[in-house]
Amino acid sequence: MYLERLKLTGRRALVTGGAAGIGLACAEALAEMGAHVTIADRDETAIAAGQAALSSKGYAVDGIGMDVTDSARVTTVADQLGAIDILVNNAGIARSETPAEDVADEHWLNVLDVNLNGTFWCARAFGRHMLAAGKGAIVNVGSMSGFIVNRPQPQSYYNASKAAVHQLTKSLAAEWAPRGVRVNAVAPTYINTVLNSFADREGEMYKRWIDGTPQGRLGEPEEVASIVAFLASDAASLMTGSIVLADGGYSCW
Ligand code: NAD
């Protein structure tokens, strides 16, 4: 019974930013658990590469070009696909570190547009179909930076965007729970993806990340993906509005 509840056989899932990094790992995890997966990304070349990578592991996934900041496009894709069972709102950007007093309007708006607006456009567009079907699970990818401020990293725009994603998760969860749609989030620590490529692996910042983490390492995309797949499954049926922190103990210190 318990293993059965983890299975996603027959479910239809869409992962935004699914062509690389954590999103691609989520696509693989959901496919392995039996879902039919579509990876949606703004980067069409990366979509093809992601599909090829999953194909080589035996998983056929659909790919669709979609920039999450384009609300009209998001709505068109959602209306094309109809009621999917699982939406993973993973697309997100960080940009280089900038002291708050130097953050340009364009920088601030760009990060908020992808991380917060994009999450809302997708939740709203796909959520409408889930609500009509009376079922569905949405998993947002937040961040431990939505809870804490990494010292001494100047990333006000990123931290604010992820805190907002956490609160949006709770708001949608409360509104949609009576209508059968669950909304949760995962809040990861530093994960080994290109998003963190601005940090030199031999440099001081990288060392600080490692030293600040009780587990003494970065996380891997698969370690986030397994939590996302769990939250999307019936095994998490009692969970909605939860922000699952996966930080290797970072926030313990
Ligand atoms: P990544 O840069 O490796 O991959 C991001 C993917 O999203 C890429 O395929 C990119 O093309 C796509 N994307 C970016 N903007 C998009 C848009 N507007 N529309 C559609 N697709 C878009 O990033 P990642 O490290 O895998 O991060 C994925 C998510 O995890 C993000 O929300 C990020 O904030 C969050 N996160 C990452 C870390 C980390 O340390 N890497 C930690 C906590 C949370």
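The values are calculated or read from the model by the stated rules, or taken from the named source; none is laboratory data. Because the structure is predicted, anything quoted here is derived from the model rather than measured. FYI the Cβ positions are ideal-geometry reconstructions off the backbone, even for glycines, and counts take in every protein chain you see. For the accessible areas, the whole protein counts, side chains as well, though only heavy atoms, and no ligand, DNA or RNA atoms are used. Shrake-Rupley method; radii C 1.70, N 1.55, O 1.52, S 1.80 Å.
Here region 122-164 is treated as an ellipsoid with the same Cα gyration tensor; its semi-axes, largest first and in whole Å, are 32, 9, 5.
Summed over the residues of region 108-253 and divided among them, the accessible surface reaches 43 Å² per residue at a probe radius of 1.4 Å.
Summarising the strand pairing of the chain, around 0 percent of its internal DSSP beta bridges are antiparallel. Here region 26-125 is treated as an ellipsoid with the same Cα gyration tensor; its semi-axes, largest first and in whole Å, are 28, 17, 11.
Translational D (Stokes-Einstein, µm²/s) of region 85-159 at 10 °C and 1.306 mPa s when Rh comes from the Kirkwood sum over C-alpha pairs? The Stokes-Einstein estimate is 115 µm²/s.
In plain terms, the bigger the Kirkwood radius, the slower the diffusion; for the chain, with that radius from Cα pairs, at 4 °C and 1.567 mPa s, Stokes-Einstein puts D at 71 µm²/s. Where the centre of each part is set by its Cα atoms, how far does region 149-184 sit from region 205-225, in angstrom? A separation of 21 Å, based on Cα centres.
Distance check, please: which entries in Lys135/Lys162; Lys135/Lys170; Lys7/Lys207; Lys162/Lys207 exceed 29 angstrom between their Cα atoms? In this structure, Lys7/Lys207 exceed 29 Å between Cα atoms. With the cut-off at under 18 Å, measuring from each backbone N in region 135-150 to a point 7 Å along the Cα-to-Cβ line of Thr98 picks out no residue. For the chain, list the DSSP H helices whose alpha carbon atoms reach 18 Å or more along the long axis and whose average Kyte-Doolittle value is 0.0 or above? What comes out of the filter, once short or polar helices are dropped, is 118-133. The helix-based estimate of mean residue ellipticity at 222 nm for the chain, built from -39,500 (n - 2.57) per DSSP H run of four or more residues and divided by its residue count, is -13000 deg cm²/dmol to the nearest 500. The listed residues Arg201, Arg182 rank as Arg201, Arg182 when sorted by accessible area, largest first, using a 1.4 Å probe. Using the Cβ-Cβ distance between His107 and Lys135 with R0 set to 30 Å, the FRET efficiency from 1/(1 + (r/R0)^6) comes to roughly 0.15. Across region 212-253, the residues whose backbone nitrogen lies under 16 Å from the label position 7 Å along the beta-carbon direction of Tyr2 are 230-231, 234-238. Of the residues Ser143, Ser197, the one with the largest accessible area comes first in the ranking Ser197, Ser143, computed with a 1.4 Å probe on protein heavy atoms.
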